[in-house]
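Following: one structure in structure tokens, then a few remarks.
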Amino acid sequence: MLTLTEEQGMLQEAARGFLSESAPVSQLRALRDARDELGYSRDLWRAMAELGWTGILIPEEHGGLDFGHMGAGLVCQEMGRTLAASPYISTAIMAATAIRRGGGPGQQARWLPAIAAGEAVIAVAVDEARKHDPAGTALRAQASCNGFRLDGHKTFVADAVGADAIIVAARTGGEPGEAEGLSLFVVDARAQGLDIERTLMVDSRNAARLTLDGVQVDEADALGPVGGAFELLETVLGAGRAGLAAEMSGIAQESFARTLGYLRERTQFGRPIGSFQALQHRAAHLYCEIEVAKSAVLAGGQALDRDPTGAGFLVSLAKAKAGEVARLAVAEAVQMHGGIGMTDAVDIGLFMKRARVAGEWLGDASFHAGRIARLRCF
Amino acid sequence: MLTLTEEQGMLQEAARGFLSESAPVSQLRALRDARDELGYSRDLWRAMAELGWTGILIPEEHGGLDFGHMGAGLVCQEMGRTLAASPYISTAIMAATAIRRGGGPGQQARWLPAIAAGEAVIAVAVDEARKHDPAGTALRAQASCNGFRLDGHKTFVADAVGADAIIVAARTGGEPGEAEGLSLFVVDARAQGLDIERTLMVDSRNAARLTLDGVQVDEADALGPVGGAFELLETVLGAGRAGLAAEMSGIAQESFARTLGYLRERTQFGRPIGSFQALQHRAAHLYCEIEVAKSAVLAGGQALDRDPTGAGFLVSLAKAKAGEVARLAVAEAVQMHGGIGMTDAVDIGLFMKRARVAGEWLGDASFHAGRIARLRCF
Amino acid sequence: MSELDAFRHEVRLWLDAHCPAPMRELTRGEEDIVWGGRRWAFRSEAERVWLERMAERGFTVPTWPKAYGGAGLSRDEERVLREEMARIGARSPLESFGIWMLGPALLKFGNEAQKREHLPRIARGEIRWCQGYSEPNAGSDLASLQTRAEDRGDHWVVNGQKVWTSYADQADWIFCLVRTDPAAPKHRGISFVLFDMATPGVSTRPIRLISGKSPFCETFFDDVRVPKENLVGELNRGWDIAKYLLTHEREMIGGGAGGLLGTRPIGEVVAELAGSDGEGISDPLLRADVMRAEIDTLAFALTMDRLRDEAAGGQGIGARSAMLKYYGTELNKRRTELMLRAAGSDGLEWEGERSGGGRLARDWLRAKGNSIEGGTSEVMLGIIAKAILELPGA
Amino acid sequence: MSELDAFRHEVRLWLDAHCPAPMRELTRGEEDIVWGGRRWAFRSEAERVWLERMAERGFTVPTWPKAYGGAGLSRDEERVLREEMARIGARSPLESFGIWMLGPALLKFGNEAQKREHLPRIARGEIRWCQGYSEPNAGSDLASLQTRAEDRGDHWVVNGQKVWTSYADQADWIFCLVRTDPAAPKHRGISFVLFDMATPGVSTRPIRLISGKSPFCETFFDDVRVPKENLVGELNRGWDIAKYLLTHEREMIGGGAGGLLGTRPIGEVVAELAGSDGEGISDPLLRADVMRAEIDTLAFALTMDRLRDEAAGGQGIGARSAMLKYYGTELNKRRTELMLRAAGSDGLEWEGERSGGGRLARDWLRAKGNSIEGGTSEVMLGIIAKAILELPGA
């Protein structure tokens, strides 16, 4: 059934209520204007932990709710509606998935309860160039002492600033472009040789550029099989992509709702501009696109809950479609708001900015369309 | 100056007057309903010759007007407006260009005056598969006796039915995909071993599939250098493509004009449907596209007149843009005409059909966009 | 075992015993559909027997009451029946506008006599119906229709013209919108009447489309005498029935997503047409457009599933049928464009065996009508803007 | 030697002799533009001298009459001047809204005293003007503006608010649309007035855009006293001047094709941003979109050439400026979208040297306003539909 379960519906409602109350768009604006170093509110993060959301993908024995990806997506969707900034996708979704599915008992015991409690923030570092390309990972991990020595660069690492640890994709073998030879390591954020350069992004949130210069990790810091962690990485990325798709769906829905409101209330030529047929037809088309994207997001989330390692196709569908639709929704929102939509004084531009970053992160629509084409053999 | 010269303007007016009088859309309809074997009117062709149009690209010493490609394009544009069927592009444009630029004195003397006089129809056979790909020519020409023996297939050969001769692209060397090794031969339409299968196309005109089984040609039947005729072929194709671009521009203009007329006169909900803003905006957008396509067509024609062998870039631009715009124009025409536009009783569907064939012939928009990308190195 | 399981068991046994083997073969499309009617010629004994047996059980119209030729099944039981038919690949015994359109309208608006007269004959495939709605000057603005029915005491005399009457030339009866009060506001003077196509004064003329032959006809009424008892519902209230049927039709077209349902993935089809030999579609623009169409088609198919699931949850689909109709038909136009691009000049042949009688070109042309028939895309967008988005009127 | 050739010779000699070397260097954009005005601080002596010399010859406003600070050149002579300036890479000595907008309006609608007072100061760059048109509730529907000028005998008192006043915070004077007859139909109660921004009661507040800082301001008028002689044209007939200037502005934006003019080919830019190493853009969707944008951009550039050539033939460009404005700005939005896609995460940086202060992201955001400012795309399409296609009103 492509519908929410009763529990999921309740979570969605709770999330909507809480976030519109505790993390409205004005919060992002305030963080931005204060040039906040973290780019998100620690108070909000703690509150999300108290609600159990940070443990949504963590087994109960580690203090989590084990509520599933669909539930995580609903939180993301509601965060998209209010542009709530938090390390939710990197930590509660991606890092939690990586450690749960690839970590040993020690790692799980160390990190999962901490994530669930909102006490640990963990970023995931994959990209090394301007476009997402996990198999292209070149950062080298060379056997050394009891572990590995990491050398290389990472870019577009969301939430690395202020993180306790960073999960780094590295190459223990093979060549860039190959799935073979990839490994994942948990690196302490204060490790020697690790430089974290904060980069302020267009959405007023952080991404970091990392330089790893002889960073030493133990064999025990590996997640998943050394040299064979590509499947685990794909699972982690899939979870993150589904979260981003849901967030973009929320952004599209909210910016559309605001646009509809503006169309009803703004008067020009003696009538509400929403009575102009050309705008009506564009709004109606956009409505259809948003509904279609919602279905893809729902299917992607459900697929992850059925099989977290085999949902790549539907997750890519969700990320590609939600990305394109969010792009259309925010573009139409600005255009239909007219001049006021171009000003920083109203929120529409903030939705446009976040949609762009969420669209790029973990693969843009082209990337995922390409995956779909390959999986469909054309 | 991207404008017509005075002489060109006069030709355009004359062509518009003559064709709307002597070859209105009803002529194509009548030929179709009569299942005419040729698919065009011999009377019209003779009349076009009397007006000098068949000799528009032929030097005066061979009985032509030598009026240039821009002029030929204007005739094509006006033919597009009335869907006048004739072997104009294959014979008066492509064959005339091929023989003028690649033929020896004997060939020129034999064919050019005959084309100018409307006494010879010559088709040009290039394609061998479903998509246009001149360099992909595989039809073999093997040295034999005093000439060559041709073996292979051709498809989508417009106007081959009823033609006196066919200019055939063949491979005397190299491999399919290479420019090197291509040759052009004038093959008598009654040559032994040549089978011409008539194929009725969606636009009610003919294209033929040719089978050449040991067709013998002389060395003297070659146009351009044997094994090195690719550049000549490109010039011939360029001339044809510019003609098709102009024809599609005419189709777009005329189907748009008819749509505007319908928008003004058709009443629903107590008002002309052209007063509905959503249709107004789409019509206005289409107007812009048609204007933009016209500029490209004009530039392509002028470029050919400046340098018939070096105009490939602008001609591809014209063919690609005019093709896309004609596609949009006929699609909008059918949709805006509503149910009536779907019936065979009105002409709009005929424009849609011809636009589709003209768009495919000598390379569709993708083909030409690809050429442009390669020439621009991206 | 639940009641539903018991029903399933019973249906399975019955189908196994009664569905003739030839009726379990894949249909080849149009030419295997049984439309019924007075002039219907069964193409095989199996076809005849299958219809007879199914009609006897009420399974041609399973949810209709037994009194009117149905089986009185619940929605769940109907679903079970469909599933069990699908399990053995059983063909539909009968399709008709009577089943799809008139039946639901009569059940809702007809009087007892009308139901008893018409519904069982529809269920048994004895009478084939056509639908007289659109007119040359009443397309998107259907309510402006001009076909007039003049009151002559015990009967009406109908004069006027309908267009887009599917299979009018093969139908036995027509359900028809006529103007019974020319003085009233346009929505208030329309009535819904039924009459025999064999009545003197009725004539039809097939419509040729840009894609070739079509089931559509123009239908002319020249002093056609229609008994008063053939009025369905109240006099001058026919627009209520028309609206009901229009929504119903839109949901059907939308539910079938404008013909997209059950088609092969566009990427696969295009790769095959383009002869890509498993190396991917090499034309970069075509490939890009196919990628986008594939994504939209997949996401749209999920949307149909979602709306169905939500409807099952009692939320209904309502005006969102306009979305399905709009999006599905526009997608189908894209699909046929892409197929034709991939097929290149081969796809432009109009006749002959090699091209299946110009199948690709004709499908491409025919699809252009999808976004016009059953309410244009523009009308659908207007419905969405007003009924769903609640945008203000001009 | 023709007269024009003689003029060219003379201009060439003069430019060679008078254009300072630093003024022949490529401008780095905004920061090298000379806007003039009371508070203008020249960034170099060369800048000052160059303006002085050009103004003395009337070359800052070459086609204006000599009496008002121009050089009285014909269109052909002006073209020669531009060509000769381009030949040596001479920078523009002065840019201003006075030159672009107010000057043409005064030449057409102003009285002799107004021309003599204002035009020479514009030509010499002494007074910098801004334009008071849009208001918060009067955007596309500009004529609904509410800023009021009340008649107080020998002067008006102006109250209200303008938005999108470019450089209002740096301008010396404003040309402004005000409502002088609130009772009249909206187009008939508007007047066109000029006043000093230093007048008590005028205040400005810069507008921050989604792309960051901008030259736009909100401008507030609180009991601003404006002498009666500052009315341009007839009382309550200001809308004629407004329309003239709006068309003029649209032609300027359209002529510059929304900033597209002189930009590098999008294919080249994207290939460079994507780091394709000459192997073509590998992302198939991006490549396809760039191919289409390249074609549209090339064909559009040819369209600008064609319209210019046709205008030179005396046909004028007229309402087709709406086409240029619409198409050019929509293309520019596509262009910046493609650039950002190609640049990936690098393009999403907002600050810092590496990203040139977030140049790509800011350009992308800023371009979204192109299809809004100077008349929205929707307004342009409406103009085309009505003025060119002559489609009927609602």
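Could you please give the count of residues in region A:157-207 that are among the basic types (K, R) and under 20 Å from the mean Cα position of the chain (by Cα)?
Looking only at that region, the number is 2.
Need the failing condition index for C:G375 against (1) surrounded by 23 or more Cβ atoms within 10 Å (Cβ to Cβ); (2) modelled with pLDDT of 95 or more, just the number.
Tallying (1) surrounded by 23 or more Cβ atoms within 10 Å (Cβ to Cβ); (2) modelled with pLDDT of 95 or more, C:G375 fails exactly one: (2).
I need the full set of residues from region A:6-31 which are out of contact with any helix residue (DSSP H, G or I) (no Cβ under 8 Å at 6 or more places or on another chain), within 14 Å of another protein chain (Cβ to nearest Cβ) and either charged (D, E, K, R) or touching a residue at least 40 places away in the same chain (Cβ under 8 Å) (or both), in order please.
Within region A:6-31, A:E6, A:L31 qualify.
Output the residues belonging to region B:260-276 that are surrounded by fewer than 22 Cβ atoms within 10 Å (Cβ to Cβ) and either within 7 Å of chain D (Cβ to nearest Cβ) or more than 35 Å from the chain's Cα centre (by Cα) (or both).
Quick first cut of region B:260-276, residues surrounded by fewer than 22 Cβ atoms within 10 Å (Cβ to Cβ) only: B:260-262, B:264-272, B:275.
If the condition is that a residue be surrounded by fewer than 22 Cβ atoms within 10 Å (Cβ to Cβ) and either within 7 Å of chain D (Cβ to nearest Cβ) or more than 35 Å from the chain's Cα centre (by Cα) (or both), then B:L260, B:R264, B:T267, B:Q268, B:F269, B:G270, B:R271, B:P272, B:S275 are the ones that fit.
Checking the structure you have, find out if any residue of region B:261-278 is among the small types (G, A, S) and in contact (Cβ under 8 Å) with a residue 24 or more places away in the chain.
no
Restrict the check to region D:166-181 and report whether at least one residue is within 14 Å of another protein chain (Cβ to nearest Cβ), in contact (Cβ under 8 Å) with a residue 24 or more places away in the chain and either more than 19 Å from D:W129 (Cα to Cα) or surrounded by 16 or more Cβ atoms within 10 Å (Cβ to Cβ) (or both).
yes
Can you go through C:E330, C:E349, C:E353 and tell me which one is more than 8 Å from chain B (Cβ to nearest Cβ) and over 21 Å from the mean Cα position of the chain (by Cα)?
Testing whether each residue is more than 8 Å from chain B (Cβ to nearest Cβ) and over 21 Å from the mean Cα position of the chain (by Cα) leaves just C:E353.
With respect to B:F256, is the statement that it is modelled with pLDDT under 95 and either touching a Cys at 6+ places or on another chain (Cβ under 9 Å) or within 14 Å of chain D (Cβ to nearest Cβ) (or both) true? Steps first, answer last, please.
On the way: modelled with pLDDT under 95: no; either touching a Cys at 6+ places or on another chain (Cβ under 9 Å) or within 14 Å of chain D (Cβ to nearest Cβ) (or both): yes.
Judged against the criteria, B:F256 is not a match.
Go through region C:59-72 residue by residue and tally those that are at positive phi and in contact with a Lys or Arg (Cβ under 6 Å, 6 or more places away or on another chain).
The initial filter retains those residues of region C:59-72 that are at positive phi, namely C:69, C:72.
Still in the running and in contact with a Lys or Arg (Cβ under 6 Å, 6 or more places away or on another chain): C:72.
Number satisfying all stated conditions: 1.
For D:L360, are the conditions met, namely being within 14 Å of chain A (Cβ to nearest Cβ), part of a helix (DSSP H, G or I), surrounded by fewer than 23 Cβ atoms within 10 Å (Cβ to Cβ) and aliphatic (A, V, I, L, M)? Even if it seems obvious, please write down each step before you answer.
Details: within 14 Å of chain A (Cβ to nearest Cβ): yes; part of a helix (DSSP H, G or I): yes; surrounded by fewer than 23 Cβ atoms within 10 Å (Cβ to Cβ): yes; aliphatic (A, V, I, L, M): yes.
The answer is yes for D:L360.
Would you say C:F59 is assigned to a loop (DSSP other than H, G, I, E, B), without any contact (Cβ under 8 Å) to a residue 12 or more places away in the chain and not assigned by TED's automatic domain parsing to the domain that holds C:A312?
Against the criterion (assigned to a loop (DSSP other than H, G, I, E, B), without any contact (Cβ under 8 Å) to a residue 12 or more places away in the chain and not assigned by TED's automatic domain parsing to the domain that holds C:A312), C:F59 does not qualify.
Filtering region B:337-351 down to residues that are assigned to a helix (DSSP H, G or I) and facing chain C (nearest Cβ under 7 Å), which residue is surrounded by the fewest Cβ atoms within 10 Å (Cβ to Cβ)?
B:G339
Do you know which residues across region C:178-235 are under 30 Å from B:R356 (Cβ atoms) and out of contact with any helix residue (DSSP H, G or I) (no Cβ under 7 Å at 6 or more places or on another chain)?
Correct list: C:R205, C:I207, C:R208, C:K213, C:S214, C:P215, C:F216, C:E218.
When region A:9-40 is examined, which residues are found to be within 20 Å of the chain's Cα centre (by Cα), hydroxyl-bearing (S, T, Y) and either modelled with pLDDT under 95 or more than 19 Å from A:G55 (Cβ to Cβ) (or both)?
A:S20
Report whether or not D:P104 is part of a helix (DSSP H, G or I) and either in contact with a His (Cβ under 8 Å, 6 or more places away or on another chain) or free of Cβ contacts under 8 Å to residues at least 40 places away in the same chain (or both).
Against the criterion (part of a helix (DSSP H, G or I) and either in contact with a His (Cβ under 8 Å, 6 or more places away or on another chain) or free of Cβ contacts under 8 Å to residues at least 40 places away in the same chain (or both)), D:P104 qualifies.
Answer yes or no: is there a residue in region A:186-199 that is touching a strand residue (DSSP E or B) at 6+ places or on another chain (Cβ under 8 Å) and in a helix (DSSP H, G or I).
No.
Hey, could you check region C:365-380 for residues that are out of contact with any Lys or Arg (no Cβ under 8 Å at 6 or more places or on another chain) and hydrophobic (A, V, I, L, M, F, W, C) and say which is farthest from the other protein chains (Cβ to nearest Cβ)?
That would be C:V379.
What do you reckon, is C:V290 modelled with pLDDT of 95 or more, closer than 20 Å to D:A288 by Cα and not small (G, A, S)?
On the way: modelled with pLDDT of 95 or more: yes; closer than 20 Å to D:A288 by Cα: yes; not small (G, A, S): yes.
Answer is yes for this residue.
Just one of (1) on the phi < 0 side of the Ramachandran plot; (2) surrounded by fewer than 22 Cβ atoms within 10 Å (Cβ to Cβ) trips up B:A245, so point out which.
Evaluating B:A245 over (1) on the phi < 0 side of the Ramachandran plot; (2) surrounded by fewer than 22 Cβ atoms within 10 Å (Cβ to Cβ) leaves (2) as the failure.
Does region B:44-63 contain at least one residue that is more than 14 Å from every other protein chain (Cβ to nearest Cβ), touching a Pro at 6+ places or on another chain (Cβ under 7 Å), more than 20 Å from B:N206 (Cβ to Cβ) and assigned to a loop (DSSP other than H, G, I, E, B)?
So far as region B:44-63 goes, yes, one or more of its residues are more than 14 Å from every other protein chain (Cβ to nearest Cβ), touching a Pro at 6+ places or on another chain (Cβ under 7 Å), more than 20 Å from B:N206 (Cβ to Cβ) and assigned to a loop (DSSP other than H, G, I, E, B).
Of the numbered conditions (1) of a type outside the set (D, E, K, R); (2) in contact (Cβ under 8 Å) with a residue 40 or more places away in the chain; (3) in a helix (DSSP H, G or I), C:A311 satisfies every one except a single condition; which is it?
(2)
Answer with yes or no whether C:D363 is under 13 Å from B:T199 (Cβ atoms) and of a type in the set (D, E). Please lay out each step first, then the result.
Numbers: under 13 Å from B:T199 (Cβ atoms): no; of a type in the set (D, E): yes.
No.
Looking only at residues that are part of a helix (DSSP H, G or I) and within 14 Å of another protein chain (Cβ to nearest Cβ) in region D:107-144, which one is farthest from D:V379 (Cα to Cα)?
Among them, the one singled out is D:S144.
Are there any pairs with C-beta distances below 8 angstrom linking a residue in region C:194-217 that is within 19 Å of C:R39 (Cα to Cα) and in the same structural domain as C:Q161 (by TED's automatic domain parsing) to a residue that is among the hydroxyl-bearing types (S, T, Y) and in a loop (DSSP other than H, G, I, E, B), with the two at least 6 apart or on different chains, and if so which?
C:P206/C:S214; C:P215/C:Y167; C:C217/C:Y167
Of the residues D:V34, D:V61, D:V49, which single one is closer than 29 Å to D:A198 by Cβ and more than 21 Å from the chain's Cα centre (by Cα)?
None of the others qualify; the one that does is D:V49.
Across region C:13-52, what is the number of residues that are touching a residue at least 40 places away in the same chain (Cβ under 8 Å) and either hydrophobic (A, V, I, L, M, F, W, C) or assigned to a loop (DSSP other than H, G, I, E, B) (or both)?
Total meeting the criteria: 17.
Name the single residue that is surrounded by the most Cβ atoms within 10 Å (Cβ to Cβ) among those in region A:277-295 being out of contact with any Phe, Trp or Tyr (no Cβ under 7 Å at 6 or more places or on another chain) and more than 7 Å from every other protein chain (Cβ to nearest Cβ).
In this case the residue turns out to be A:K294.
The values are calculated or read from the model by the stated rules, or taken from the named source; none is laboratory data. Worth saying up front: this structure is predicted, and the values here are computed from it rather than measured. Positions of Cβ are generated from backbone atoms using ideal geometry, with glycine treated the same way; all protein chains shown enter the neighbour counts.
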